[in-house]
Amino acid sequence: MSLVTHFLITRFMFYFLFHSSLKSLLLEAIQREPEHKVRYALAQLTAVILRNEKLEHWPQFIQFVLQTSRSAVPEHRQVGLLVLKCALDLSAELFKTHFPDLIKMFHHTLNDLQNPPVLFYTLQSLTSVVPEMASNEINLLRSLIAKILTAIRHLIQSNEVQACEAMEVFDELMEGEVSVVVHHLAEIIPFCLELAVNTSLSDNLRVKALSCLSFLIKLKSKSILKQKLLTPILSALFPIMCVEPPPGQMDPEDQEDESEILEEETEVQTPKHFAVQVIDMLALHLPPEKLFPQLTPLMEPCLLSSNPYQRKAGLMCLGVLSEGCAEHIRSKHLKSMLKVVCEALSNESQVVRNAALFALGQFSQNLQPDISEYSDSVLPLLLGYISQVDPSHTAHLTKAYYALENFVENLGSKIEPYLPTLMERILVSLDNSNSNRVKELSVSALGAIANGAEKLLLPYFSSVMESLKVHLVQTGEEGKHIQIQCLETLGVLVRNLGKDAFLPLAEDCCLLGLGLCDRMDDPDMRRCAYSLFAALSGIMEDSISVHLEKMTTLMLLSLKSKEGIVVHYSENRTFMLFEDEADEDDVIQDAEEEEEDPDIEGFSVENSYIEEKEDACLALGEIAYNASSSFFPYLDSCFKEMSKHIESPYTGVRKAAYDALGQLVRSMNNVCKKNPSEANTAALLCLLSLLIPPCLHGALHDKERAVVMSILDTLNHLLKEVKELCIREPSQLENLCTVIQAVLQCKTLCQDPDADDEDEQQAEMDSMLIEYAGEGIPLIAAAVGGATFAPYFAGFLPLLLNKVKPICSPAEKSFAVGTLAESVVAIGPATVQFVQQILPAFITGVRDEDNEVRSNSVFGLGVLAEHGGDIIQQQYPKLLSILSSIISCEKNARVMDNVCGAVSRMVLSHPNGVPLEQVFPVMLRSMPLKEDFEENTTVFKCIAFLYENFTSQVITQLAEIARIFGHCLGTKEIQPDTENCLILLLRDIAQKFPQDFHNALKSVPAEAASKLSAVLGPA
């Protein structure tokens, strides 16, 4: 044996003996060490060694844990669980083969009720184990739930902070193994309520309990209903919401001046505020028909109470209900609820008035367009209210402006009478106020007014730009917030005032935004600049190309940036003798490269940086779509970077990433249209192959409904624009239809796929998700053709017909009949095989109480007549009778417009089945169309068809036709190609039937006659 070999063997034996000895000494030392911090550090060192050694090379470790957990000495049991907890924190996957043994041990240690550290370490260990457990091991956890609840109760008595942290075991169970929790809802929810209502406990613990409750509602709302847990939840929440602050104090949100509100007060959640969020979660995830009957008896007494805090609770409740139950409120309660809120604005208590402003802002945001019908009463009330607020009371003024902004943003033409007053107030405040906060609020309100007024704002354009310019070019730190708000509002103005106003200023606006990005390091500023760039791309199109390199570089840097990441260290952070001070960026980088750092409990990202990434995605997508070919050089790098963000932990970023990726693909499709080539088509197909599979996976597996809606919307836009290239292979068609069917059956992860009753009433947000999926059905049919799609439609049909049952909400019925009608159009002649199944749904729908259901059903009858072949033609007498009865009593203009469209389709498809001399005059008397102007294309096509084939019918009714044409010509109610056809038709009639035409002209109003005469110029 050589000396070198002997040396190596000797060294290896020494290392092995020393290392084995070290491991044994460590475990012995931990048991002997009386000081907790030293013991904790040794436990973490043990965990690090174990991660490198693995359990198979240190079998004594698991033996140590199991033995000490059953020791007769309480401190030894604590040590065993502490060592295990630290090891699991670092690398729980090492223990997978031992999970059954550990679960058995947890059963034992959770009985150690007089030993709080053992309970705490056991629950922390369990929190680490749950995410790593295989599905076939989940049943092992079910019998632990009752013991977990008991253990937390005992922990509360000794250490509320630890009890709060221990409750995170429920977060892990709900996040990954919710099926375990469902079986114990009847124990977990009362437990959470018990903690939430206990005012002797810390706010953090009570909020944690409410947070668990909120998460359960989000995941298992149907189970909560079935187990009759809604009533106790509501009964517990209202007393929490009604609680008064200590004497002489106010809730932070009710302070008058924002400077009086401490920063920590704005960040800390209280039980009172979180209880309102739980109501919000109930509204988002429960059917309104189930929620309101149990909520109203608790809410109404609060709204009528003379106690300002009870009144506040009722108004806050109204406000949060308006998002999740919008359709229900719009159709049944809007007038009465709005009256309650408006009356509260004159209450003597500022607490009540603040809550009323919040509720009105929420109503304005969520109850459009119906709430705009009350503009004549609400807007003067708001303007009068704001005029009475002391400008120094900035917190109060902020709430008033919040309500005003949300109300005016969607008013459209209804804003016109109030525009002079609004603009005078805004411009005066912006130019003359001494308060930067008032100026900031005024600029924000200006953006909302622009969204509502659109082109009506043009007369104020020069004044507005002069006022904004002062703040946009300032360089002082004290004016930064106004400057950022001005930048955001500038983007809003670009979108609403368009090319005529901004194209001459577009280059300067680009340079302004880029200059601010160079000069200021602020995520909010960058976010607003990106939004401005996106808006400018809409008016500049290809001419924005000179700035694209710099813009895309900035936005990609934002997407890649790790700015704003906050590292959260454990309270028991390990002390290392030779620890170097590390820059936080190094910590973040190391955290990505290493499996785990035992000292780091987690990371969070400041909201402004998350929003920056979200807006960067959206802006890149919009710029790509608008700039088209000019964006092509940047498309690949942007696509690759944004693809990473569909896995973001932040809902808004994932949603924006899917939206933007879809726009990048559609941008490439536009390139293909402008410059068709094999290379461009190949690039488009490559992008589709990279985007569609993750979209389909995300639709099934993402836990957030908002993200899934975004995914489905992205797919729908691709189907609409890219069409058959999205579905080149049968497997792609199969996969896409499978996803849509899963959504319709409520079987995706964000829909509570374990629910077993498909016929239950649904939360409005669930119905909205289904509508997004349903929109894809006719789009797929149009992309692949009716004959190819018919077998798949046969699978969708029962699911859609299931939505027209009497128990279904108006929104569900409207969606179902609308989707059926659009599908008939897309499927075309292949519809024949489905006529007998679809027709009864439309006939039932035309008698519905809801206007939209009736309108969609009448449209459905028309398109079924158009595509249903001989089978539907046999039903013409019945259909004409139905339509005739509608005409005789219908008050809704859109329904009447669709009757005209339906009759026109019947005439075009089978004129011999229609008694024209009776039907045609009645149809003309119902024209011109009042709301659904898309049907003008069909009805005028029908008139042209009759002129060509049944000329006498048209000439007999020429006076009526002249009246209708005189109204429509020169308006936006008809498409340009339709208008051209009408002009040609008029000229032909005037040439062939001059006297009849002359008589008809004399019978119509002078303005219409003049318009008709004008179009009879040289052919």
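No value in this document is a laboratory result; all are computed from the given coordinates. Computed from a predicted model, the values in this text were never measured in an experiment. All Cβ positions, glycine included, derive from the backbone under ideal geometry; neighbour counts span all protein chains shown.
Details
- Angle between the chain longest axis and helix 203-226 axis [Cα atoms, degrees, rounded to 10]: 50 degrees
- Using R0 = 30 Å, the C-beta based FRET efficiency linking residue 475 and residue 505 works out to 0.90.
- For the chain, the fraction of alpha-carbon pairs lying more than 48 Å apart is 39 percent, rounded to a whole number.
- Overall dimensions of region 846-908, expressed as equivalent-ellipsoid semi-axes from the Cα gyration tensor (√(5λ), whole Å, largest first), are 19, 11, 10.
- At R0 = 45 Å, FRET efficiency that the Cβ-Cβ distance of residue 455 and residue 945 yields, to 0.05: 0.75
- Cα-based shape type of region 477-563, given that a ≥ b ≥ c are square roots of the gyration tensor eigenvalues and the cut on a/c is 1.5: oblate
- Unsatisfied cross-links (Cα-Cα over 29 Å) in the set 673/747; 399/562; 674/941; 399/480; 455/640; 222/655: 673/747; 399/562; 674/941; 455/640
- Residues in region 816-858 reached by a label modelled at residue 881 [backbone nitrogen below 12 Å; 7 Å Cα→Cβ]: none
- Its Cα centre serving as origin, the chain has a Cβ charge dipole (Lys and Arg +1, Asp and Glu -1) of approximately 3120 debye.
- Inter-centroid distance (Cα atoms) of region 660-677 relative to region 339-407, Å: 45 Å
- Using alpha-carbon coordinates, inclination of helix 994-1003 to the longest axis of the chain, degrees: 60 degrees
- Extension gain, residue 36 back to residue 194 (0.36 nm per residue minus Cα-Cα distance, nm): 53.6 nm
- Available extension along the chain between residue 304 and residue 73 is 77.1 nm, counting 0.36 nm per residue and deducting the alpha carbon span.
- Taking packing as the residue-averaged number of other Cβ atoms within 10 angstrom, the listed peptides 939-946, 389-396 run from highest to lowest as 939-946, 389-396.
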